[in-house]
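Enquirer: Below is a structure I'd like to ask you about.
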Amino acid sequence: MTSRVYPYAILSLVVLAPLALSQPATTTQPATTRPTTRVDPGQTLSRMLRPTTPVVKPLQPLPSDTPVVDTTSGKYALAPGAPDAKLVREGTYVVDRTGRLRKTDDGQHEEFVFDSDGTTMQDPPMVILPNLALMQMENATLTSRDRKFRITGMVTEYRGRNCVLLDKAVPVADQIRVNP
């Protein structure tokens, strides 16, 4: 039975294939390289530059007309009768200042205590933000706890305290004075 069906299948393909090829194709417009209407390039550009999302307003800076007092100065300072010290504005650079590294009172951070005359205490300590320079300072204090450093870095403000992001920290060699 399969030997009889096979020739009929071939015959139907031979007869019907030319009919399928002779069917008219769907009518389409030939492709053009130019638009059918004139487009204004300025209008297209302004439409592309228009924001698609709502514009978010940036945070407004804190008012700078009133100086902010450091929370570790005045009545909160270790030295009795210390005056209120004003915060150094964020973005200011501390350049080649000497001092020592110590832990904060809570023991969680390192701070830089500036060398001063010991009586006016006009430069309250600054918290050192973690980076490689701080790590080098900590490693240097493993051999000598009372080591002096000369630092350079950018000052930041956070919750009534000044912090410093170090660019450079160099150990200061102990100077021995010889009287002639």
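Enquirer: Do you know which residues across segment 88-115 are at pLDDT 90 or above and either under 23 Å from the mean Cα position of the chain (by Cα) or hydrophobic (A, V, I, L, M, F, W, C) (or both)?
Expert: Of everything in segment 88-115, those that are at pLDDT 90 or above and either under 23 Å from the mean Cα position of the chain (by Cα) or hydrophobic (A, V, I, L, M, F, W, C) (or both) turn out to be 90, 91, 92, 93, 94, 95, 101, 110, 111, 112.
Enquirer: Continuing with this model, one more query. Out of all the residues in segment 131-176, which are assigned to a loop (DSSP other than H, G, I, E, B) and either of a type in the set (A, V, I, L, M) or exposed (fewer than 13 other Cβ atoms within 10 Å of the Cβ) (or both)?
Expert: 142, 143, 144, 145, 146, 159, 172, 173, 174, 175, 176 - these are the residues of segment 131-176 that are assigned to a loop (DSSP other than H, G, I, E, B) and either of a type in the set (A, V, I, L, M) or exposed (fewer than 13 other Cβ atoms within 10 Å of the Cβ) (or both).
Enquirer: Follow-up question, since we're still on this one. Name, by its number, the condition in (1) surrounded by fewer than 18 Cβ atoms within 10 Å (Cβ to Cβ); (2) touching a residue at least 24 places away in the same chain (Cβ under 8 Å); (3) assigned to a loop (DSSP other than H, G, I, E, B); (4) not hydrophobic (A, V, I, L, M, F, W, C) that does not hold for residue 105.
Expert: (2)
Enquirer: Additional query: Of everything in segment 130-180, what is among the β-branched types (Val, Ile, Thr) and modelled with pLDDT under 90? Give them in sequence order.
Expert: Hits for segment 130-180 are 141, 143, 172, 176, 178.
The values are calculated or read from the model by the stated rules, or taken from the named source; none is laboratory data. Since the structure is predicted, the reported quantities are computational estimates derived from the model, not experimental observations. Note that each Cβ is placed from the backbone with ideal geometry, even for glycine, and that neighbours are counted across all protein chains shown.
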